[in-house]
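Encoded as structure tokens, the structure appears first; notes follow it.
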Amino acid sequence: MEGYLKKWTNLFSRWQDRYFILNEEVLVYCDSQGGQIKGQVHLKVAALILVPEDPLRIIINTGTTEIHLRASNINEKIDWINALKQAQDKCLSRQNEIKFEQKIQELLTDVWQTGAIFDETLSMLIPKLEKNSQIKEMADRLESIGKNLKTKITLCAQIVEEEKQKLSNLDNGTVYESFIHQNSAQSVQREETLNHQHHQSHGQQQLMSLTEIAQQIREHQPIKYNNLINNPAFQKIKFTNHSKRDRLPYRKDPNEKINVWYLCKELIGKDLGRFSVPIILNEPLSMLQRLAEQMEYSDSLEEADKIHGDSALRMCYIMGFGVSPYSANIGRTKKPFNPILGETYEIQTQNCRFISEQVSHHPPISAGYAESKAFQFWAHTDVQTKFNGLCFQVNPVGLFNVMLKSSNDHYQFNRCTTKVQNILWGQQYLDHMGQMKFVNLTTGDNGVLELIEKSGKSESEMRGYVKDKNGIEKYKLKGFWNDRLIAYDSQREIVVWKRHQLPQDSDWYYNFTEFAMQLNHLTIDMIKDLPCTDCRLRPDQLAFENGWVDLASSEKHRLEEKQRARRKAMAAANQVHVPMFFEEMIDPKTNLKWYKYKGNYFQQQWKQVGSELLDLF
């Protein structure tokens with residue numbers, strides 16, 4: 001069914017005509033027939049509300065907002081109500097078809113969780129009973145019965161798991177496809193084609209449940225095992241060893257409006273680094289991963305390291321590298337997850353390898369280090385955030401450092417201010433402004449890149465210069481942080497950085513770049529090999545990436561409470577958190593604080609001291 005209805009927009013525009021199309025359980029709307037889709041509603045998670053005082057009105061409650069519609073007459077309203085309810089009934093019918101298999105999955109999860117609790121309780125009880133000689137025989141018998149019972153329950157659960165796996169493989173595995181919630185009615189047919197091609201191209205890849213993977217790490221990684229096996233987010237996913245992905249598991253409507261009026265009273269004037277931000281304002285990446293995004297354009301450092309005899313031109317490439325992450329922020333108005341103290345992240349690309357760690361909670365500081373054959377990179381982000389009712393403002397504090405190995409040049413630079421404008425109304429957009437100052441501590445060369453605040457026709461513009469230690473200008477710079485940076489003098493122009501193209505349909509995936517799309521990708525081997533502190537193992541972030549907002553919110557709250565409890569316990573014991581992979585230092589050249597990488601991560605020394613890893617998740 002399709003046709004025009006009135007839709008309430010806001011207090012200024014009030015009721016406006018919109019063209020609605022009902023496709024199975026998804027209702028989408030456009031400004032006019034044949035126009036671009038502006039929004040959509042999944043009826044299987046929505047409630048229909050009638051208003052007796054306004055007999056032509058239909059209210060659709062999505063759980064996060066209410067959409068108010070009005071028909072032109074009673075008959076039209078009745079037709080739409082009947083069509084919407086029929087769509088909901090069909091959706092419920094399809095859900096009942098897989099209810100039995102879902103019940104099996106829930107029972108299996110309970111069995112594994114209960115088994116783990118039983119094992120832990122038994123291991124604590126037996127030593128206490130054995131201390132009493134009068135009941136030692138009873139303790140031995142209890143231990144024997146317990147082990148026998150556990151063995152049989154495990155065997156039964158494994159058999160059921162195998163039978164469930166056979167059932168799930170029927171009809172090309174469509175049962176588990178239901179976990180991937182596709183929320184675009186506009187491209188239903190295209191998504192089905194893409195999914196078919198995706199499964200065909202990766203048909204030889206092994207699918208494994210979390211239960212299967214967890215058994216392989218149970219003995220030597222107990223913290224990770226306990227955190228994963230008992231978590232509903234991980235239990236709902238089948239994992240593969242696909243090395244790369246071209247999309248996230250959940251499509252986020254880019255036109256979805258967030259009702260933030262109820263947030264204003266609690267958020268205005270507060271430092272968001274000290275405030276638990278509602279999860280709907282997040283994107284499914286952590287600040288540690290955002291720091292890793294600096295490495296997307298590490299090829300600029302490779303090019304700089306190849307330049308000999310022109311230190312000013314090397315500086316230009318460093319400036320291109322420094323400004324490059326801002327291009328990845330286009331359309332990304334969501335806030336990354338705040339890392340938990342001690343949380344880590346690693347990534348290895350063709351050019352380099354990177355490690356980051358949350359080294360401070362208040363203020364929240366993330367430290368990062370990267371290395372390759374051509375360069376070393378280290379930085380820490382001490383970010384202060386504010387919300388004034390109209391925009392979010394981010395003020396970076398930390399310095400970024402690059403060391404080129406061929407020339408032994410050491411560069412330092414700062415980041416500029418970032419604002420997310422029009423939080424409450426209008427089209428949200430992100431803007432960067434202010435000066436980025438670069439200095440070569442080895443040669444004395446310096447440069448300034450000024451990002452100009454959006455005003456009138458000026459948008460995303462930047463300009464700057466590079467001077468030698470004597471103050472003589474060697475190069476001018478011009479460009480746009482959403483496109484490219486050009487260095488030029490009286491004789492030539494050189495493109496020292498150029499933005500990568502966004503992947504197809506990136507607006508449905510938080511406007512992530514191809515590089516960002518991989519940052520939270522979790523494979524079978526990663527689950528086995530990553531330390532239990534890696535943010536890819538965060539259940540709230542994983543659930544949010546899959547579109548399970550309620551689960552993600554509850555897990556986020558649980559982790560925050562767990563972190564508070566740990567902090568109180570440490571305070572009571574007069575203990576201070578010590579980062580595992582970084583050490584706080586004072587730079588002798590600048591007299592500023594920085595965090596030195598200890599060199600103990602990539603050699604996997606943490607595997608030999610597994611007991612020292614923190615139980616964060």
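The values are calculated or read from the model by the stated rules, or taken from the named source; none is laboratory data. Nothing here was measured: the structure is a model prediction, and the numbers come from that model. Reconstructed Cβ throughout: ideal geometry from the backbone, glycine too, with neighbour counts over all protein chains shown. Keep in mind that these areas ignore ligands, DNA and RNA; they rest on the heavy atoms of the full protein, side chains included. Shrake-Rupley method; radii C 1.70, N 1.55, O 1.52, S 1.80 Å.
Points worth noting:
- Hits in region 474-510 - residues which are in a loop (DSSP other than H, G, I, E, B), closer than 30 Å to Gly331 by Cβ and touching a strand residue (DSSP E or B) at 6+ places or on another chain (Cβ under 9 Å): Trp481, Asp483, Arg499, Tyr510
- Residue check: Asp54 meets all listed conditions (1) open to solvent by 30 Å² or more (accessible area, probe 1.4 Å); (2) at negative phi; (3) charged (D, E, K, R) but one, namely (1).
- Region 587-615, subset open to solvent by 40 Å² or more (accessible area, probe 1.4 Å) and on the phi > 0 side of the Ramachandran plot, residue modelled with the highest pLDDT: Asn591
- Scan of region 1-11 for residues that are surrounded by 13 or more Cβ atoms within 10 Å (Cβ to Cβ), in a loop (DSSP other than H, G, I, E, B) and touching a residue at least 60 places away in the same chain (Cβ under 8 Å), ordered by number: Met1
- The residue that is surrounded by the most Cβ atoms within 10 Å (Cβ to Cβ), counting only those in region 340-365 that are closer than 18 Å to Ser298 by Cβ and not hydrophobic (A, V, I, L, M, F, W, C), is Ser356.
- The set of residues in region 420-473 that are at pLDDT below 85 and assigned to a strand (DSSP E or B) comprises Val420, Gln421, Tyr429, Leu430, Asp431, Ser455, Ser458.
- Pick from region 57-82, criterion open to solvent by less than 30 Å² (accessible area, probe 1.4 Å), out of contact with any Gly (no Cβ under 9 Å at 6 or more places or on another chain) and in a strand (DSSP E or B), ranking: nearest to Lys252 (Cα to Cα): Ile60
- Only one of the listed residues (Val359, Val402, Val397) is at pLDDT below 85 and among the aliphatic types (A, V, I, L, M). That residue is Val397.
- Of all residues in region 285-302, those that are surrounded by fewer than 20 Cβ atoms within 10 Å (Cβ to Cβ) and over 27 Å from Glu459 (Cα atoms) total 1.
- In region 316-339, the qualifying residues are those that are over 21 Å from Gln393 (Cβ atoms) and open to solvent by less than 10 Å² (accessible area, probe 1.4 Å), and the one that is farthest from the chain's Cα centre (by Cα) is Cys316.
- From the options Ala569, Ala573, Ala565, residue that is of a type in the set (Gly, Ala, Ser) and closer than 25 Å to Pro336 by Cβ: Ala565
- Picking from residues in region 86-98 that are within 18 Å of Val28 (Cβ to Cβ) and open to solvent by 90 Å² or more (accessible area, probe 1.4 Å), the one that is modelled with the highest pLDDT is Gln86.
- Some residue of region 268-284 being buried (at least 16 other Cβ atoms within 10 Å of the Cβ), modelled with pLDDT of 90 or more, under 25 Å from Tyr429 (Cα atoms) and touching a helix residue (DSSP H, G or I) at 6+ places or on another chain (Cβ under 8 Å): yes
- Scanning region 369-419 for residues that are within 21 Å of Lys469 (Cβ to Cβ), in contact with a Ser or Thr (Cβ under 8 Å, 6 or more places away or on another chain) and open to solvent by less than 20 Å² (accessible area, probe 1.4 Å) yields Asp409, His410, Gln412.
- Selection from region 14-47 of residues that are open to solvent by less than 40 Å² (accessible area, probe 1.4 Å) and among the aliphatic types (A, V, I, L, M): Leu22, Val26, Leu27, Val28, Ile37, Val41, Leu43, Ala46
- Filter result for Gln563 (open to solvent by less than 20 Å² (accessible area, probe 1.4 Å) and modelled with pLDDT of 90 or more): no
- Test: residue in region 28-49 that is at pLDDT 85 or above and either out of contact with any strand residue (DSSP E or B) (no Cβ under 9 Å at 6 or more places or on another chain) or among the acidic types (Asp, Glu) (or both): yes
- Lone unmet requirement of (1) touching a strand residue (DSSP E or B) at 6+ places or on another chain (Cβ under 8 Å); (2) more than 28 Å from Asp550 (Cα to Cα) for Glu66: (2)
- Qualifying residues in region 216-240 (those that are in a loop (DSSP other than H, G, I, E, B), in contact with a Phe, Trp or Tyr (Cβ under 8 Å, 6 or more places away or on another chain) and among the charged types (D, E, K, R)) - the one surrounded by the most Cβ atoms within 10 Å (Cβ to Cβ): Lys236
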